[in-house]
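All remarks here apply to the structure that follows.
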Amino acid sequence: GAGVSQSPRYKVAKRGQDVALRCDPISGHVSLFWYQQALGQGPEFLTYFQNEAQLDKSGLPSDRFFAERPEGSVSTLKIQRTQQEDSAVYLCASSWAGDYNEQFFGPGTRLTVL
Amino acid sequence: SQQGEEDPQALSIQEGENATMNCSYKTSINNLQWYRQNSGRGLVHLILIRSNEREKHSGRLRVTLDTSKKSSSLLITASRAADTASYFCATDEGQLTFGSGTQLTVLP
């Protein structure tokens, strides 16, 4: 595949459930980003990986949010004990290397917490 | 928190007209990027302008950057119905900080 893929595309969870969202970046891309986009708003930064190292997690809204990229490729964003305010589109993006480059976005996962 | 603010929030024009969207930001930047998002889809990168550049063109797109005013504009010339989308500016501090977007509607 040529682009960033994310799965699932849609996820409905009951409040209190744990969810795991997957991102497959473009092959060879060193940097991987997660963003959260609320309805009608621009995306907001959650966390950043360079290879397998999580270099910035300052945007994660609470300790219920956890991200990993153990082999420096696929990444998983996990949300524990989901709350209604977690309902949003979660976007993953990757870029070649380092900072200040074009980021390529996946289609996102729309999470709805009931 | 969102760094950039787009203006207007919504814009509706006729096909063939030009569309101008503005973005203001708060802090120093390395570069500023513009993205397009179609409804329910991911973001598509349109253009990147570096802090030492003042104007950049790409096809029907023209972007300006005024670092003294901390503002940027995106001009789409000869708009088409397919240009209907949300447009976001994003300042690049390693991670991108997006504005709240302009919803552009191009009427056929």
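The values are calculated or read from the model by the stated rules, or taken from the named source; none is laboratory data. This is a predicted model, so every value here is computed, not measured. For neighbour counting, all protein chains shown are included, and Cβ atoms are generated from backbone atoms with ideal geometry for every residue, glycine included. All accessible areas refer to the heavy atoms of the entire protein, side chains included, with ligands and DNA or RNA removed. Shrake-Rupley method; radii C 1.70, N 1.55, O 1.52, S 1.80 Å.
A few points about this structure:
- Taking the criterion of being of a type in the set (Asp, Glu), closer than 17 Å to A:Val113 by Cβ and open to solvent by 50 Å² or more (accessible area, probe 1.4 Å), the only residue of the stretch A:64-91 that qualifies is A:Glu85.
- Filter pass, A:Thr112 being touching a strand residue (DSSP E or B) at 6+ places or on another chain (Cβ under 7 Å) and part of a strand (DSSP E or B): yes
- Scan of the stretch B:25-34 for residues that are within 8 Å of another protein chain (Cβ to nearest Cβ) and closer than 26 Å to A:Thr109 by Cβ, ordered by number: B:Gln33
- Some residue of the stretch B:65-72 being open to solvent by less than 50 Å² (accessible area, probe 1.4 Å), small (Gly, Ala, Ser) and either away from chain A (no Cβ under 14 Å) or on the phi > 0 side of the Ramachandran plot (or both): yes
- Screening B:Lys56 with (1) within 14 Å of chain A (Cβ to nearest Cβ); (2) open to solvent by 40 Å² or more (accessible area, probe 1.4 Å); (3) part of a loop (DSSP other than H, G, I, E, B) gives one miss only, at (3).
- Hits in the stretch B:2-16 - residues which are more than 17 Å from B:Ala90 (Cβ to Cβ) and assigned to a strand (DSSP E or B): B:Ala10, B:Leu11, B:Ser12, B:Ile13, B:Gln14
- Near pairs, Cβ below 7 angstrom, 6+ apart or cross-chain, from the stretch A:40-65 (over 22 Å from B:Leu43 (Cα atoms)) to any residue that is open to solvent by 60 Å² or more (accessible area, probe 1.4 Å): A:Glu52/A:Pro70; A:Glu52/A:Glu71; A:Arg64/A:Gln80; A:Arg64/A:Arg81
- Any hit, the stretch B:80-87, residues being within 28 Å of A:Val4 (Cα to Cα), open to solvent by 70 Å² or more (accessible area, probe 1.4 Å) and within 14 Å of chain A (Cβ to nearest Cβ): no
- Complete set of residues in the stretch B:17-31 that are surrounded by 12 or more Cβ atoms within 10 Å (Cβ to Cβ) and assigned to a loop (DSSP other than H, G, I, E, B): B:Glu17, B:Asn18, B:Tyr25, B:Lys26, B:Ile29, B:Asn30
- Qualifying residue in the stretch A:30-45 (condition: out of contact with any Asp or Glu (no Cβ under 8 Å at 6 or more places or on another chain) and farther than 24 Å from B:Tyr35 by Cα): no
- From the options B:Ala19, B:Ala78, residue that is at positive phi and at pLDDT 95 or above: B:Ala78
- Look at (1) within 27 Å of B:Cys89 (Cα to Cα); (2) open to solvent by 50 Å² or more (accessible area, probe 1.4 Å); (3) touching a helix residue (DSSP H, G or I) at 6+ places or on another chain (Cβ under 9 Å) and you find that A:Ser58 fails only one, number (3).
- Any hit, the stretch A:96-107, residues being small (Gly, Ala, Ser), away from chain B (no Cβ under 11 Å) and in a loop (DSSP other than H, G, I, E, B): yes
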